[in-house]
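The values are calculated or read from the model by the stated rules, or taken from the named source; none is laboratory data. Everything numeric here is computed off the predicted structure, so don't read it as measured data. Backbone-built Cβ (ideal geometry, glycine too); neighbour counts: all protein chains shown. Just the protein is used for accessible areas: all its heavy atoms, side chains included, with ligands, DNA and RNA removed. Shrake-Rupley method; radii C 1.70, N 1.55, O 1.52, S 1.80 Å.
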Amino acid sequence: MTVVRKTYAPPEPNMKEVYRYMGVKGEPDEATKQLADEAVGRIKSSSMCRVCYTRLPIERPDSKTLVIGSIRTESVFLAGNLADCSEVYLFMATIGGSADRLIASSRMYPSKALALDAAASALTEALCNKLNAELKEQAAAEGKFLRPRYSAGFGDFTLEYQKYFVDILNSPKNIGVALRNGTMMFPTKSVSALIGISDKERKQQ
C-alpha cells in the first residue's frame, strides 16, 4: 500500500462559507467583510496545507460488513454511500497547527477569534475540495466515478473509526495529524474521509 503525500499553497476559501461559519445571514456589512478578509489573509499566510491519501479495495465478507484495510464496519449509511463501489480513496487533510494558535491568541477579542476560526474552517474545506477535484480527474482517466466523501462521525460511522484513518495513513508522520482523547484530530483544522470509486455514474437526486 502506497501513501501519497502532497503539500499545497493555500487555496482560496469560499467567502460565502466564511460568512456562514461566522453566523452571518444575508449580505454581510462592510465591517464584517473587512474582518473576514483580514482573517482569511492571516490564516492563509500562516497555514501549511498538507494531504495524504491511499487507495484501498472494499471487501464484503457478508451482506452487512464492509472491510477497508483495517476498517471493519457494519455501518448502514456508509454501505449506502459506497454502493456499487469496489475501491475507495482514504485521505486526510490539514492546514496545520498555526490556525489553532492564531485563534487561541485572539480569544480576548471574540469577533476576531470567530472570524479566524471561520476562515480556517473554510480554508480546510477548500483544501479538501482541491484534493477531491484531483482525485476525480484521476478516476475519470480510468473511466471511473467518485462518490461524495464520507467522514467518521456521520450517521452510524462513528468517530471511533478515526483511529483507523490515522493508523492506515500514518498521519502523525506523514502530515503531523494525531488524535487526542481517542477520537479528535489535532491540529483541529484537519479532515479525514473516504471517497468511493465506482465504474458507474450515480445520478444526482
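Points to keep in mind about this one:
- Accessible carbon and sulfur surface of the chain relative to its total accessible area, %, 1.4 Å: 51
- Rel. contact order, % - alpha carbon contacts under 8 angstrom, at least six apart, the range 34-99: 44
- Label-reachable residues, the range 164-200, where backbone N falls under 19 Å from a point 7 Å from Ala104's Cα toward its Cβ: 172, 176-191
- The angle separating the long axis of helix 30-46 from the principal Cα axis of greatest extent in the chain is about 60 degrees.
- Subtracting the Cα-Cα distance of Lys200 and Arg5 from 0.36 nm times their residue separation leaves 67.4 nm of extension gain.
- Pairs over the 20 Å Cα-Cα cut-off, from the set Lys25/Lys189; Lys144/Lys189; Lys33/Lys112; Lys64/Lys136; Lys136/Lys163; Lys6/Lys189: Lys25/Lys189; Lys144/Lys189; Lys64/Lys136; Lys136/Lys163.
- Multiplying each eigenvalue of the alpha-carbon gyration tensor of the range 15-81 by 5 and taking the square root yields semi-axes of 42, 18, 7 Å, largest first, rounded to whole angstroms.
- Structure-derived semi-axes √(5λ) of the Cα gyration tensor in Å - corresponding label in [x] 32, 18, 16; [y] 42, 18, 15; [z] 25, 22, 17: [x]
- The value obtained for the range 91-205, namely the Cα convex hull volume divided by the number of residues, is 133 Å³ per residue.
- Extension gain, Glu142 to Asn181: 0.36 nm times the residue separation minus the Cα-Cα distance gives 10.1 nm.
- For the range 1-133, accessible area per residue (1.4 Å probe, heavy atoms of protein chains only), Å²: 52
- Between Asp29 and Phe77, the distance separating the two model label sites (each 7 Å from Cα on the Cα→Cβ line) works out to 3.8 nm.
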